[in-house]
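Peer 1: The following block contains the structure, expressed as structure tokens.
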Amino acid sequence: MMTMTSKDKALAEFRGRVPDADPRLHSFLGAWLDARGADLVPRRSSFSPMSIPSLLRFIWIYEFAPERQDFVCELAGESVNDVWGGSIRGRTIREVVGEADYPRVRGRWDAIFGQPAIQYGAMNEPLTSLEAWQAERLLLPMASRDGTVNVMLGISLYKLQYRPLKATSDVPEMVIRIPCADLV
């Protein structure tokens with residue numbers, strides 16, 4: 001009889017709560033769990049995006065910059081940059097998502113860090129007056145060099161939906177937050 005590892009249990013917990021998640025998100029979460037080891041969240045220095053090379057184009061990392069009082073993008077893969085119309089490296093989350101959506105996004109991020117928890121989301125995102133992107137993403141907290149949980153590791157899987165934004169959304173917004181303590 002084989003005993004499940006803590007990583008296997010954590011992946012099973014995620015699959016149980018988000019059964020229709022893209023399988024690439026399972027690989028991404030597995031790499032984060034490997035970097036985490038026995039800690040509640042991994043340190044940024046323990047996670048290498050190169051551990052999942054097939055997903056590099058979809059990955060992004062933000063770290064809180066006290067002098068800007070916002071999260072600043074340290075890394076964004078090609079697919080992420082393409083969706084946002086160019087490189088987002090060095091830009092704050094407020095600059096990337098805009099003033100209207102910033103309070104909602106920042107509130108979610110603060111909740112993720114405060115618990116800490118991981119967050120799965122699926123939604124339509126309007127980026128111009130003629131197109132919208134369907135996004136499926138997983139957000140994973142990490143600790144900075146000093147141990148503060150203030151680094152966000154994420155993966156965004158985008159699919160372009162050509163349609164006027166006035167059309168009703170065929171993908172309702174779904175957000176599921178799982179406490180890191182439940183992933184043991």
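Peer 1: Among Trp60, Ala117, Ala35, whose Cα sits farthest toward the positive end of the charge dipole of the range 1-149 (+1 at Cβ of Lys/Arg, -1 at Cβ of Asp/Glu, about the Cα centre)?
Peer 2: The listed residue farthest towards the positive side: Ala35.
Peer 1: A further question follows. Amide H neighbours of Leu75 under 5 Å, at least 5 residues apart or on other chains, H built in the peptide plane: list them.
Peer 2: Ile61
Peer 1: Mind grabbing the accessible area of Lys7 for me, 1.4 Å probe, Å², rounded to tens?
Peer 2: Per-residue accessible area (Lys7): approximately 70 Å².
Peer 1: State the extension gain, in nm to one decimal, for the chain segment bounded by Gln69 and Lys159, taking 0.36 nm per residue of separation less the distance between their alpha-carbons. Kindly include the intermediate steps, with their values, before the conclusion.
Peer 2: Details: separation 90, 0.36 × 90 = 32.40 nm, distance 3.13 nm.
So the extension gain works out to 29.3 nm.
Peer 1: Using the Cα centre as the reference, give the magnitude of the dipole from point charges on the C-beta atoms of the chain (Lys, Arg: +1; Asp, Glu: -1; all else neutral), rounded to the nearest 20 debye. Walk me through the numbers before you get to the answer.
Peer 2: Numbers: 22 positive and 23 negative charges, 32 e Å.
Using only the charged Cβ atoms, the result is roughly 160 debye.
Peer 1: How tilted is helix 6-17 with respect to the longest principal axis of the chain? Cα atoms for both, answer in degrees (0 to 90, nearest 10).
Peer 2: Helix 6-17 sits roughly 40 degrees off the main axis of the chain.
Peer 1: With angles folded into 0 to 90 degrees, how steeply does helix 23-36 sit against the dominant principal axis of the chain? Use alpha carbons for both and round to 10.
Peer 2: 50 degrees
Peer 1: Just how large is the dipole of the range 11-67 about the Cα centre, in debye to the nearest 20, putting +1 at every Lys and Arg Cβ and -1 at every Asp and Glu Cβ?
Peer 2: Numbers: 7 positive and 7 negative charges, 26 e Å.
So the magnitude is around 120 debye.
Peer 1: Per residue Cα convex hull volume for the range 1-59, in cubic angstrom? Could the numbers behind the result be given before it?
Peer 2: On the way: hull volume 6.1 nm³, N = 59.
Output value, Cα hull per residue: 104 Å³.
Peer 1: Taking a quarter of the surface of the convex hull around the Cα atoms of the chain, what do you get in nm²?
Peer 2: Numbers: hull surface 44.1 nm².
That works out to 11.0 nm², a quarter of the Cα hull's surface.
Peer 1: Work out from phi, with θ = phi - 60° and the Karplus expression 6.51 cos²θ - 1.76 cosθ + 1.60, the ³J(HN,Hα) of each residue of the range 48-62, listed in order in whole Hz, and give x for Gly and Pro.
Peer 2: 10, x, 5, 6, 9, x, 6, 10, 3, 5, 9, 8, 9, 9, 10
Peer 1: Still on this model: With only alpha-carbon pairs counted, each pair once and no self-pairs, how large is the Kirkwood hydrodynamic radius of the range 37-127 in angstroms? Mind dumping the intermediate values first?
Peer 2: On the way: mean 1/r = 0.0687 Å⁻¹.
Radius from the Kirkwood sum: 14.6 Å.
Peer 1: Right, something else. Quick one: angle between helix 102-114 and the longest Cα principal axis of the chain, in degrees between 0 and 90, rounded to 10, please.
Peer 2: Result, in degrees: 0.
The values are calculated or read from the model by the stated rules, or taken from the named source; none is laboratory data. Every value quoted in this text rests on a predicted model; they were computed, and no experiment measured them. Note that each Cβ is placed from the backbone with ideal geometry, even for glycine, and that neighbours are counted across all protein chains shown. What goes into the accessible areas is simple: the full protein's heavy atoms, side chains included, and nothing from ligands, DNA or RNA. Shrake-Rupley method; radii C 1.70, N 1.55, O 1.52, S 1.80 Å.
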